[in-house]
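In what follows, a structure is listed as structure tokens, so that the remarks can point back to it.
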Amino acid sequence: MEVIDKNHTFWVEIFESVDNNSDIEPKYTLTELSSFNIDIPFDFKRDDFDSIYSELEKDFNWLKDFYNKVEQGLEVSLKDNEKEELKRLCRWIFNKLNHWKQNADPKFKIVSLCFIILNLFNINVWDYTKNRISNLELENALSVRVKKFKVSSKYHDNTPIWEKEAIQRIGVSIENRDWLEIANNWSAFRSSRMFSFPNIFQKQTLLFLLEFCMENILQSLESYEDFFSMMSLSNNEFFTFNYRFLLASKTNNNLLRFALLFDLELKNNINLSNDQEIILAEIFADICKDKELAKTWFKIFNRYLVRFSFFSGAFGVFLAEHASKEDIYIYLNSLGDSGFSKNINDYHNEDRKILTEVFERFNSLAGLEKRTTLWSKIYTKYTEHGLLSSDGTDYMNGISYSVFDYAVVNYFIDCVHIKELESKCTKLNQELVNINSNWSNSKIVMRSKFYKLIALLQPIYRASFVLDGEPHRLQKIGFYYVPPHLINDKKTCLMFDLVLDS
């Protein structure tokens, strides 16, 4: 879920009235900053930041514990004179950025200070100031700087052995573009000290460039290689889905695109809007221009340790509006062949829900020809893999319901003529009638065949309800269809341990 700014109205009013005030400069902070003989954006240390914050509090006492004031609500936590000072400080920042010249500030001291202050506000300031900054020289200079940034992945004597090994492994994976290895090895860095103190200059630079000059940032990052930095940027809480997907849709840098999408695996409570799902579906379509890349990425998105459940709607749009027959096969293959009839208590207990959301979105958008293509492919996978138990035998594993049952039921609704449906149902029922007289097979084989026939009847049974005007496509969890002629067949019930629902 994206950041909701509780102080939105407050900031709108502040920035709208900035020009009505004279500016005020942070005198103590500027004096302190002038003593730093370093390339600030890259060599700033924690102690340097602490000294800057200390001086800022001398300049503006209300900046002390400012984060807590933001949390409390700035409208009530700041006094009227403090709000006026805030407006004047913003006026000074905007003037400095608008009139910035590289030869006057070659080490970006002033820009860095402006970014540090704006970062304290705990909002994406640039989203509020779309027409307030206009400085082509600043845009070009920042575009050059941002692509030079690199997260230090060097280890020291006190670096844990596992982290040293992880850095080496993921470095090789990134160099070779081994996407599965990158995904698997990244877990070692989720709480790494490398990301405990994000680079404010790079964070604000990226947000600034995304707002004011997207083409510059695309060109700068086209050959960018620092995956650690990309993940640090992607994890920025003010890096909205709209920014993320816009950049992912336009970039030619697959490493950057992967970071933008893969980073979402680490987040919770994600809800994408319809427009965001449409853009993401277009990104999937662009990925599919490289079929081998799509095979690997889709596998990560659909079978990774933490499932990308929030991609379900976008995958539905992608399948309905963009996917070719080959793309549909790539998507289905990315789901794997096992678990097509997973029990709800098994490892990925969200499979059924996730895939149903994909199929529902697809079904609402796709034409009959596209539905026929997808449903028939799924039914083939269902019959080939979805009726198998964990040891590879046809058994009761697939009898109750399948994670694919929505799609399989739709196969019979859209692709099979009613007479063919009735004929198939009759044939399966006849095989069930005759099964208890087939004593030439072993008990295991016979039981396996019996439950496979029962499982094959489930989607036909559900389809009949839909065709009769009832909107049910899913088998209820824990229940399965038993043909009427078997209900009173006590011999068959005894042979196959058939427990009927009363």
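Quick rundown of the values:
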read-out: Neighbours by Cβ (under 7 Å, 6+ apart or cross-chain): first from the stretch 158-178, within 16 Å of ALA259 (Cβ to Cβ); second surrounded by 14 or more Cβ atoms within 10 Å (Cβ to Cβ) and not hydrophobic (A, V, I, L, M, F, W, C); value: ILE170/ASN185; SER173/GLU181; SER173/ASN185
read-out: Residue satisfying all of: in the stretch 459-468; part of a helix (DSSP H, G or I) and out of contact with any helix residue (DSSP H, G or I) (no Cβ under 7 Å at 6 or more places or on another chain); farthest from ASN429 (Cα to Cα) among these; value: PHE465
read-out: Filter result for LYS96 (in contact (Cβ under 8 Å) with a residue 12 or more places away in the chain and not in a helix (DSSP H, G or I)); value: no
read-out: Helices (runs of 4 or more DSSP H) lying entirely in the stretch 227-279 (those with 1 or more residues that are more than 17 Å from VAL146 (Cα to Cα), at pLDDT 90 or above and among the aliphatic types (A, V, I, L, M)); value: 241-250, 254-262
read-out: Set LEU494, LEU456, LEU474, LEU486: member being at pLDDT 80 or above and part of a helix (DSSP H, G or I); value: LEU456
read-out: Residue check, LEU113 aliphatic (A, V, I, L, M) and touching a Pro at 6+ places or on another chain (Cβ under 9 Å); value: yes
read-out: Number of positions in the stretch 453-479 that are under 35 Å from the mean Cα position of the chain (by Cα) and among the aromatic types (Phe, Trp, Tyr); value: 1
read-out: Residue within the stretch 81-101 that is among the polar types (S, T, N, Q), touching a helix residue (DSSP H, G or I) at 6+ places or on another chain (Cβ under 6 Å) and surrounded by fewer than 18 Cβ atoms within 10 Å (Cβ to Cβ) present; value: no
read-out: Filter result (more than 36 Å from the chain's Cα centre (by Cα) and assigned to a helix (DSSP H, G or I)) within the stretch 59-75; value: ASP59, ASN61, TRP62
read-out: Whichever residue in the stretch 224-257 is in contact (Cβ under 8 Å) with a residue 60 or more places away in the chain and small (Gly, Ala, Ser) and, among such residues, is surrounded by the fewest Cβ atoms within 10 Å (Cβ to Cβ); value: SER232
read-out: Single condition LYS101 does not satisfy, out of (1) modelled with pLDDT of 95 or more; (2) in contact with a Phe, Trp or Tyr (Cβ under 9 Å, 6 or more places away or on another chain); value: (2)
read-out: Per-region count, the stretch 435-450, residues of a type outside the set (Lys, Arg), modelled with pLDDT under 80 and assigned to a helix (DSSP H, G or I); value: 5
read-out: Residue match in the stretch 12-28 (condition: in contact (Cβ under 8 Å) with a residue 60 or more places away in the chain, part of a helix (DSSP H, G or I), among the acidic types (Asp, Glu) and assigned by TED's automatic domain parsing to the domain that holds TRP126); value: yes
read-out: Residue match in the stretch 316-332 (condition: buried (at least 18 other Cβ atoms within 10 Å of the Cβ), small (Gly, Ala, Ser) and within 19 Å of THR251 (Cα to Cα)); value: no
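The values are calculated or read from the model by the stated rules, or taken from the named source; none is laboratory data. Predicted model only: the values in this text are computed from it and were never measured. Methodologically, a virtual Cβ is constructed for each residue, glycine included, from the backbone with ideal geometry; neighbour enumeration extends over all protein chains shown.
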